[in-house]
Structures are given as C-alpha cells and as structure tokens.
Amino acid sequence: MSMTALVRLRLDIGYDGTDFSGWARQPDRRTVQGVIEEALGRVLRLDPPPALTVAGRTDAGVHARGQVAHVDVPERAYAAVSNRLVHRLAGLLPPDVRVWRIAVAPRGFDARFSALWRRYVYRVCDREAGVDPLRRREVLWHPRPLDLDRMNEAAARLLGEHDFAAFCRRREGATTIRRLLRYEWRREEPALAAATVVADAFCHSMVRALVGALLAVGDGRREVDWPARVLAAGVRDSAVNVAPAHGLSLEEIGYPDDEEELARRALQTRQVRTLSGSGNASEAPVNS
C-alpha cells in the first residue's frame, strides 16, 4: 500500500442547522463542514484535516437528512480505522450533526457534480394557534390558512427548465438556469403543509423564494398565475419574500447507479449551461 495513495470516501450526513452558520467552512464561525472536517482529522490523525466536497451547500439554519459529501484521504489512514470510523465520529461529533454512513466511493463519483437531482422539503404550519413547540426548529408558522389546490396549480406552471433568476440571489460567475422536476404541496397533518421541491440543482435561495411565492398564492394575497409571471420576467422581484431557513430540509440526493454514468454526469454538469433552444449561454456551470 502506497504511503501517498488516496481513497475517495462517500459520507451520508444529517444535521440540525439551527446553530450552524451554514454548511461552508468560515473563519471564526461554527459550520457543518468545519465540525465534520475537524472530527475526521482527529480520527484519521491528519493535520491539516481533509477537505470535504459537498453535494449542495446549505445556508445558515437549513437542515439536512440526506446530505452527501466526498473526501479524499490516504489509504493507510482510512485502512487503520475503516471498520470503526462511523462509530468513532459518533463519539466526537456534537449531537446536532451525524455521519450516517461512510463507504469507499465508486470510480468516477463526485458528490457535487455527479448528482442528478436534489430533493428538499419545506414544512409550514397554518394552525391558528401556531407550531407544535417540539417542532418549532423545523416548521414555519404561517398565520393565514393555506389553499393547497391553488398552490399546486401555481407550482405546476413553474416546472421544467428555465432561467430562475427571478427566484435566486445572483452569485458572480454562477448560472441561474435550472430544471425544476417536481414542486408539489400536500398535507402531512391537518395543519401541516409540506412542499416537496426537486431539481437537477438549485441556485442560492431558490427553494425558499419559490416557497415564499407560493405562500402568497395559498393565502390569497396573489393570483395563481403570479409566480409564473415573475419567472417569465427574468429579474429578481422584491415582491417575492424568501421564506425563513428553518422550515427547509435537504432530504435526498440522487446519483447514477453506473460508474461510467457517474463520470459522464460529472463532466456534463461542469459544462457551460444553456436554455434548450434559446441559444443563450449561461455564464458558468451549474453550482449546487
């Protein structure tokens, strides 16, 4: 075994985002990435700790049940603790973050670029009395009753590949073209509505802006066709309120089953993106 040979590991991760300043490592801030990397460095005896690459960087306050990351570490360091790594991390990590599984990644796997889709769920309580106190960290209280039929009618008009600039915070060098695969609302409980949002990728604040727009439709403040008109305008609309972070959870990320498809997908995702048939090139590859 080479002293310098590396092995790529896939990590499946969950966390309560309440007390984190988001996923991405930041100086003097408590972040999910920073906490996990520090624990990995201690268990694997690596200094500096290894750097994680994540499928999607969540904002401060956003939760995850199905986050995925990869990390490249020396084979020898991994071999020394491979059978005990998850257990050792469980003893080191704080209770608001867990690494559920660690496995050697298949050839061609990239947690960020190989992903086919991401699935988020946003939960809203429209009970007059408010949210169950035991769920206050993961459910938004909306003080007006919501009509989910209206919301689903509006959501259906947003599906497909579009430039979602109207629902994104622009980042320098990042495209806002996305393919929205699924957006639907249903009742998990009589007063608890859940939005399932699936896309090939999301730009910054996109899910929460989509939720904010549909809440305005659901409580009657906006017409059913309003979100589609905002989308078609192609510019950020100040009338779209971004829903608070704490109602959002990253639930699942989908990847190809075949190793060759993993590499092919990663290559495809890195390419400059355009709207199908538009001839308008986006300015950069998909970013999350």
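The values are calculated or read from the model by the stated rules, or taken from the named source; none is laboratory data. All values derive from a computational prediction rather than experimental measurement. A quick note on method: Cβ atoms are made from the backbone with ideal geometry, for glycine too, and the neighbour counts reach across all protein chains shown.
Details
- Candidates Gly22, Gly56 - the one that is surrounded by 19 or more Cβ atoms within 10 Å (Cβ to Cβ), at positive phi and assigned to a loop (DSSP other than H, G, I, E, B): Gly22
- Residue that is surrounded by 15 or more Cβ atoms within 10 Å (Cβ to Cβ) and under 29 Å from Arg178 (Cβ atoms), where the choices are Arg112, Arg107, Arg101: Arg112
- If the condition is being hydrophobic (A, V, I, L, M, F, W, C) and either more than 14 Å from Met206 (Cα to Cα) or buried (at least 19 other Cβ atoms within 10 Å of the Cβ) (or both), then the stretch 134-164 contributes Leu134, Val139, Leu140, Trp141, Leu146, Leu148, Met151, Ala154, Ala155, Ala156, Leu158, Phe164.
- Of all the criteria given as (1) closer than 21 Å to Val54 by Cβ; (2) modelled with pLDDT of 95 or more; (3) among the hydrophobic types (A, V, I, L, M, F, W, C); (4) surrounded by fewer than 21 Cβ atoms within 10 Å (Cβ to Cβ), the one not satisfied by Ala266 is (2).
- Residues located in the stretch 16-53, provided they are within 26 Å of Thr269 (Cα to Cα) and in contact with a helix residue (DSSP H, G or I) (Cβ under 7 Å, 6 or more places away or on another chain): Trp23, Ala24, Arg25, Pro50, Ala51, Leu52
- Candidates Val131, Val43, Val73, Val124 - the one that is at pLDDT 95 or above, over 22 Å from the mean Cα position of the chain (by Cα) and part of a strand (DSSP E or B): Val73
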